[in-house]
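The values are calculated or read from the model by the stated rules, or taken from the named source; none is laboratory data. Note that the structure is predicted; figures quoted are calculated from it, not measured. Neighbour counts are summed over all protein chains in view; Cβ atoms, including those assigned to glycine, are modelled from backbone coordinates with ideal geometry.
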Amino acid sequence: MVTSEAITVVRNDDRHRYEAWLGGRMVGHSQYRSRTGQVVFTHTETDPEYEGQGIGSALARGALDDVRSRGETVVPECPFIAAYIRGHAAYADLVAPDADGRA
């Protein structure tokens with residue numbers, strides 16, 4: 001299993017996504033749209049070779065921590081990000097009030 005310490009999460013504003021990097025290789029990403037003060041997560045994907053190894057969780061954690069550090073809120077349209085937030089109460093406060101019950 002890959003540990004989150006080995007994974008680097010980078011915000012790529014040009015491609016509108018957070019990327020998970022492992023050993024110089026992008027192994028996952030989470031697409032987003034920006035709104036004023038909000039990040040709308042739309043889709044998260046992990047390289048099939050790395051599924052089940054904690055990449056998605058590390059990616060979600062890194063992305064949500066970055067959103068928090070920017071003082072923004074989250075609209076979790078992506079089912080993976082919504083499920084991650086539901087399973088990790090420490091991130092529940094990031095969900096935008098107008099997120100229509102997602103997460």
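For the stretch 79-100, state whether one or more residues are charged (D, E, K, R) and at positive phi. The answer is yes; a qualifying residue exists.
Looking at this structure, is residue 67 farther than 22 Å from residue 6 by Cα and modelled with pLDDT of 95 or more? Working first, answer last.
Details: farther than 22 Å from residue 6 by Cα: no; modelled with pLDDT of 95 or more: yes.
Considered against the rule, which asks whether it is farther than 22 Å from residue 6 by Cα and modelled with pLDDT of 95 or more, residue 67 comes out as no.
Across the stretch 1-58, what is the number of residues that are part of a loop (DSSP other than H, G, I, E, B) and under 10 Å from the mean Cα position of the chain (by Cα)? Show your work before the answer.
As a first pass, look at the stretch 1-58 and keep what is part of a loop (DSSP other than H, G, I, E, B): 1-3, 13-16, 23-24, 36-37, 47, 51-54.
Narrowing the set further to residues that are under 10 Å from the mean Cα position of the chain (by Cα) leaves none.
Counting residues in the stretch 1-58 that are part of a loop (DSSP other than H, G, I, E, B) and under 10 Å from the mean Cα position of the chain (by Cα) gives 0.
Residues of the stretch 91-101 that are in a loop (DSSP other than H, G, I, E, B) and surrounded by fewer than 18 Cβ atoms within 10 Å (Cβ to Cβ): 97, 98, 100, 101.
State whether the residues of the stretch 68-78 include one that is in a helix (DSSP H, G or I), more than 13 Å from the chain's Cα centre (by Cα) and over 13 Å from residue 43 (Cα atoms). Within the stretch 68-78, one or more residues are in a helix (DSSP H, G or I), more than 13 Å from the chain's Cα centre (by Cα) and over 13 Å from residue 43 (Cα atoms).
Conditions (1) without any contact (Cβ under 8 Å) to a residue 40 or more places away in the chain; (2) loosely packed, with under 15 Cβ neighbours inside 10 Å; (3) hydroxyl-bearing (Ser, Thr, Tyr), marked per residue:
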| residue | (1), (2), (3) |
| --- | --- |
| 17 | yes, no, no |
| 33 | yes, yes, no |
| 50 | no, no, yes |
| 56 | yes, no, no |
| 70 | yes, yes, no |
| 77 | yes, no, no |
| 89 | yes, yes, no |
